[in-house]
Amino acid sequence: MSEEAWDAVRYNLFGERPLEDGAGLLALEMPARADDAAIVPVTLKTTLPVGDARSVRKFWLVIDENPAPLAGAFTFGPSSGVDALSTRVRINAYTYIHGVAELSDGKVYVVKKFIRASGGCGAPAPKDSVRTDTGAMKLKRFGEKTSREMQIMIRHPNNSGFEMDPITRSYVPANYIEELKIWQGENLLMSMSGAISISQDPNVRFTYRPNGAMSIRAEARDTNGASFRGEWAVEGNGF
């Protein structure tokens with residue numbers, strides 16, 4: 001694959017800022033060939049050596065050959081403890097995916113992997129794309145007291161603008177979750193700036209450090225201006 005697509009995105013996102021080789025510091029996990037190009041699981045995580053005190057400030061997921069290559073930018077609170085994040089994306093053509101991380105040393109690191117998949121951005125709109133539960137949120141939590149994972153799921157068609165309605169044969173207008181923020185008590189855990197490459201019914205799963213808060217709150221906004229909110233009580237003093 002040509003590096004032209006990545007070079008253009010890289011410059012638009014980072015300008016002249018140097019990108020360091022992330023080998024040994026970052027890992028990008030995804031299938032080599034997708035079973036369904038409209039729902040491809042991707043995980044980006046740090047693999048810092050034991051004793052390395054650096055933490056993650058921000059992740060970017062870039063799908064080089066997609067119509068809108070930046071799938072999502074994820075910014076983490078200073079005490080969030082996030083070091084791994086998973087989501088599901090659409091893949092439009094055989095492509096490299098670049099995972100980029102800004103660490104607390106101020107440097108930006110990058111890794112990449114190739115995936116064989118196509119047609120994900122224009123996959124036919126599902127029959128239930130018009131539904132009454134749009135914006136409904138669900139929270140799942142996993143793990144132990146000192147190291148936990150959280151998954152936030154949002155019911156939303158996340159239309160890319162490239163899907164064709166199988167009945168009318170017209171394109172479904174783009175409408176996707178463009179912003180998601182998640183708090184642990186009053187502390188921001190994560191904010192996401194999303195785009196068309198995030199799959200229908202967006203979800204993010206990530207590690208975090210419990211702070212003893214008694215609630216988790218999420219707020220989202222889509223490109224049509226609709227806002228959605230979810231809040232969940234946390235039993236056991238934040239655990």
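The values are calculated or read from the model by the stated rules, or taken from the named source; none is laboratory data. No experiment lies behind these values; they were computed from the predicted model shown. Please note: Cβ atoms are built from the backbone with ideal geometry, for glycine as well, and neighbour counts cover all protein chains shown. Side chains are part of the model used for accessible areas, which takes the heavy atoms of the whole protein and leaves out ligands, DNA and RNA. Shrake-Rupley method; radii C 1.70, N 1.55, O 1.52, S 1.80 Å.
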_Go through segment 182-202 and report how many residues are within 22 Å of VAL56 (Cβ to Cβ), within 15 Å of the chain's Cα centre (by Cα) and either surrounded by fewer than 17 Cβ atoms within 10 Å (Cβ to Cβ) or of a type in the set (Asp, Glu) (or both)._
1
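Within segment 70-78, identify whether any single residue is over 15 Å from the mean Cα position of the chain (by Cα) and not basic (Lys, Arg), and answer yes or no. Before you say what the answer is, go through the steps one by one.
Of the residues in segment 70-78, the ones over 15 Å from the mean Cα position of the chain (by Cα) are 77-78.
If we keep only those that are not basic (Lys, Arg) too, we end up with 77-78.
Yes, segment 70-78 contains a residue that is over 15 Å from the mean Cα position of the chain (by Cα) and not basic (Lys, Arg).
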_Enumeration of residues in segment 159-187 that are without any contact (Cβ under 8 Å) to a residue 12 or more places away in the chain and not polar (S, T, N, Q)_ = ILE167, ARG169, TYR171
*Could we say that ARG205 is at negative phi, of a type in the set (Lys, Arg) and touching a Phe, Trp or Tyr at 6+ places or on another chain (Cβ under 9 Å) here?*
yes
*Which strands (runs of 3 or more DSSP E) sit wholly inside segment 37-153 and have at least 1 residues that are closer than 25 Å to VAL234 by Cβ and open to solvent by less than 20 Å² (accessible area, probe 1.4 Å)?*
56-63, 70-76, 84-89
*Looking at segment 214-231, is at least one residue open to solvent by 40 Å² or more (accessible area, probe 1.4 Å), more than 30 Å from PRO124 (Cα to Cα), at pLDDT 95 or above and among the charged types (D, E, K, R)?*
yes
_Show the residue pairs meeting these rules: Cβ distance below 7 Å; 6+ apart or different chains; first residue within segment 44-72 and in contact (Cβ under 8 Å) with a residue 60 or more places away in the chain; second residue open to solvent by 30 Å² or more (accessible area, probe 1.4 Å) and among the polar types (S, T, N, Q)._
GLU65/ASN92; ASN66/ASN92; PRO67/ASN92; GLY72/SER193
*Can you tell me which residues in segment 21-35 are loosely packed, with under 15 Cβ neighbours inside 10 Å and either at pLDDT below 95 or assigned to a strand (DSSP E or B) (or both)?*
ASP21, ALA23, GLY24, GLU29, ARG33, ASP35
_Selected residue (only one of ASP83, ASP52, ASP105, ASP7 is farther than 16 Å from MET192 by Cβ and within 17 Å of the chain's Cα centre (by Cα))_ = ASP83
*Give the residue that is farthest from GLY77 (Cα to Cα), with candidates limited to residues of segment 188-236 that are part of a strand (DSSP E or B) and among the polar types (S, T, N, Q).*
SER227
